[in-house]
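A.B. asks: Please find one structure pasted underneath; my questions will follow.
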Protein chains: 2
Amino acid sequence: MQDTRSLTPAGRRIVAAAEELFYDRGITAVGVDLIAEHSGVTKRTLYNRFGSKDQLVAVYLAERDRRWRSHVRAAVDACDSPAEAVLAPFEALRTWSGAGARGCAFINALAELPDPAHPAHRIAADQKLWLRNLFEELATAADRPRPAALATRLLVLHEGALATQPLALDTLTETTALARALVADDAV
Amino acid sequence: MQDTRSLTPAGRRIVAAAEELFYDRGITAVGVDLIAEHSGVTKRTLYNRFGSKDQLVAVYLAERDRRWRSHVRAAVDACDSPAEAVLAPFEALRTWSGAGARGCAFINALAELPDPAHPAHRIAADQKLWLRNLFEELATAADRPRPAALATRLLVLHEGALATQPLALDTLTETTALARALVADDAV
DNA sequence: TCGTAGGTATACTGATCTGTGAACACCTCC
DNA sequence: GGAGGTGTTCACAGATCAGTATACCTACGA
């Protein structure tokens, strides 16, 4: 859709406020008036920029997706070995959002917007598919056997750690350990 | 809270309609008028039984939790060996809801109701904790080493399979295979 | 026979939410 | 100096939603 950097200053502030409010309080629970107020902008401007709330939701998810991918890519680039790079998304998850333990923004969005025709569905599905393919690429680069199956397993582990995040069970360390074992041990 | 069997006939129909509608379309998106209409009951009766929509949401989640636990227990009891029983929740997940691929009702509820004071949070957290403890009990009964760590890993796998369910990637078979390997192989 | 519980029918209140209309101000670039 | 893009102010429409009020009906047990 639209790129954030091509937006006007007011548009960027709106997206920033939407990112925080939608994620923290839920999409349906947050009204456009609240977003306008938090971004110091009139509701009229919001509608002039984005046309509808649904469009703003799509921009919000696309922007979060963009930031997340960039965060993961940075973690991958920071790795020394290809084997270590396979685990980079888990390291990225650890450093992504310390306090804001509200789980995955895309899974949450799907929960609130059941209509498959909503643009949020494509964005969410694309994001997970992207991560799965990244896992497969990294596994291939690290010369792991059966990279496709390994990628699916790592994706499930990743989403499981993300989904159990709001439960305050501290599952990430155990999950990362298991992922490391999966990547290291060819037998499993 | 209230047990379903202690409810009046109209009350049971309301809970049944709420279960279907809340799960399929989302809690916030479904109004009390729609639930009353689908259960063939007046809105007045709904409020006489449950007092508020929040209360009805809590009853809905508690009832789904009860049904899910009973489903898992049945799968556990149907197993021949203790080692097989550790994997029963994954088998239960496979036979739980074939078509309704909307992910975990409790995670979805948390996404829509961010207020930690809402009764839904306690119910959801209790459900995941119950599953984790069940995994630990089953792992102990099957004489697996480090049952606590294994239970956490199996919980993450379970939640990961559930979270990726709406994405239509068919992750459950791969996840079950990994869980089986985890239970079988003491090294990992 | 009478009271009580469960339920119906219908209209209504008050709040909230998305989205629009119209007039006006500022700034930059041609 | 005019035009167009950006944003403001403020009122308002239209819809939806949670929850209430009032009156009435029926079955059943003491």
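The numbers here are math on the coordinates, done by the rules we state, and not lab data. All of these numbers come straight from a predicted model, not from anything done at the bench. With ideal geometry, Cβ positions are generated from the backbone for all residues, glycine too; neighbour counts draw on all protein chains shown.
A.B. asks: What would the Debye formula give as log10 I(q)/I(0) at q = 0.09, 0.15, 0.20 Å⁻¹ for the alpha-carbon point model of the range B:4-184, no solvent?
C.D. replies: So the normalised log intensities work out to -0.36, -0.89, -1.31.
A.B. asks: Follow-up question, since we're still on this one. Evaluate the charge dipole of the range A:4-184 about its Cα centre and quote only its size in Debye, nearest 20, assuming +1 on the Cβ of each Lys and Arg and -1 on the Cβ of each Asp and Glu.
C.D. replies: Computed about the Cα centre, the dipole is about 460 debye.
A.B. asks: Across peptide B:147-154, what mean number of C-beta atoms from other chains lies inside 10 Å of a residue's C-beta?
C.D. replies: Across B:147-154, the average partner-chain Cβ count within 10 Å equals 3.
A.B. asks: At A:Cys79, with labels set 7 Å past Cα in the Cβ direction, how many nm apart are the copies from this one, shortest first?
C.D. replies: 3.3
A.B. asks: Could you tell me the distance between the Cα centroids of the range A:26-46 and the range A:140-184, to the nearest Å?
C.D. replies: 37 Å
A.B. asks: Give the dimensionless ratio obtained when the Cα radius of gyration of the range B:52-150 is divided by 2.2 N^0.38 Å.
C.D. replies: Details: Rg = 15.1 Å, N = 99, 2.2 N^0.38 = 12.6 Å.
That works out to 1.20 for the range B:52-150.
A.B. asks: Averaged across the residues of B:25-38, what count of C-beta atoms belonging to other chains lies within 10 Å of each residue's C-beta?
C.D. replies: Numbers: counts 3, 7, 3, 6, 5, 1, 0, 0, 0, 0, 0, 0, 0, 0.
Across the residues of B:25-38, the mean count of other-chain Cβ atoms within 10 Å is 2.
A.B. asks: Given the pairs A:Lys128/B:Lys43; A:Lys53/A:Lys128; A:Lys43/A:Lys128; A:Lys53/B:Lys128, which are separated by over 31 angstrom at their Cα positions?
C.D. replies: A:Lys128/B:Lys43; A:Lys43/A:Lys128; A:Lys53/B:Lys128
A.B. asks: Let me ask something else. On the rotation axis linking copies A and B, which residue of A comes nearest by its Cβ, and by how many whole Å?
C.D. replies: A:Gly160, 1
A.B. asks: What's the average, rounded to a whole number, of partner chain beta-carbon atoms within 10 Å of each residue's beta-carbon in B:101-112?
C.D. replies: Working: counts 0, 3, 4, 3, 1, 1, 9, 6, 1, 8, 14, 7.
Counting Cβ atoms of other protein chains within 10 Å of each residue's Cβ and averaging gives 5.
A.B. asks: Okay, moving on. Take the Cα atoms of the range A:12-68, build their convex hull, and give its volume per residue in Å³. Can you show the working numbers first?
C.D. replies: Numbers: hull volume 3.8 nm³, N = 57.
Output value, Cα hull per residue: 67 Å³.
A.B. asks: In nanometres, what is the gap between the two model label sites at B:Glu37 and B:Arg12, each 7 Å from Cα along Cα-to-Cβ?
C.D. replies: Modelled inter-label distance: 2.6 nm.
A.B. asks: Report the Cα centroid-to-centroid distance between the range A:64-80 and the range B:77-131 in angstrom, as an integer.
C.D. replies: 31 Å
A.B. asks: At A:Arg44, label 7 Å along Cα→Cβ: distances to the other copies, nm, ascending?
C.D. replies: Between copies, matching label points for A:Arg44 lie 4.7 nm apart.
A.B. asks: Using per-residue counts of other Cβ atoms within 10 Å, averaged over each peptide, order B:70-81, B:116-127 from highest down.
C.D. replies: By packing density, highest mean first, the sequence is B:116-127, B:70-81.
A.B. asks: What is the pair-distance distribution P(r) of the protein assembly as shown, computed from all Cα-Cα distances in 10 Å bins starting at 0, with each bin given as a whole percent?
C.D. replies: 5, 22, 30, 25, 13, 4, 0
A.B. asks: 7 Å along Cα→Cβ for the label point: how many nanometres lie between B:Pro9 and each equivalent label in the other copies, listed shortest first?
C.D. replies: Ordered by increasing distance: 6.8 nm.
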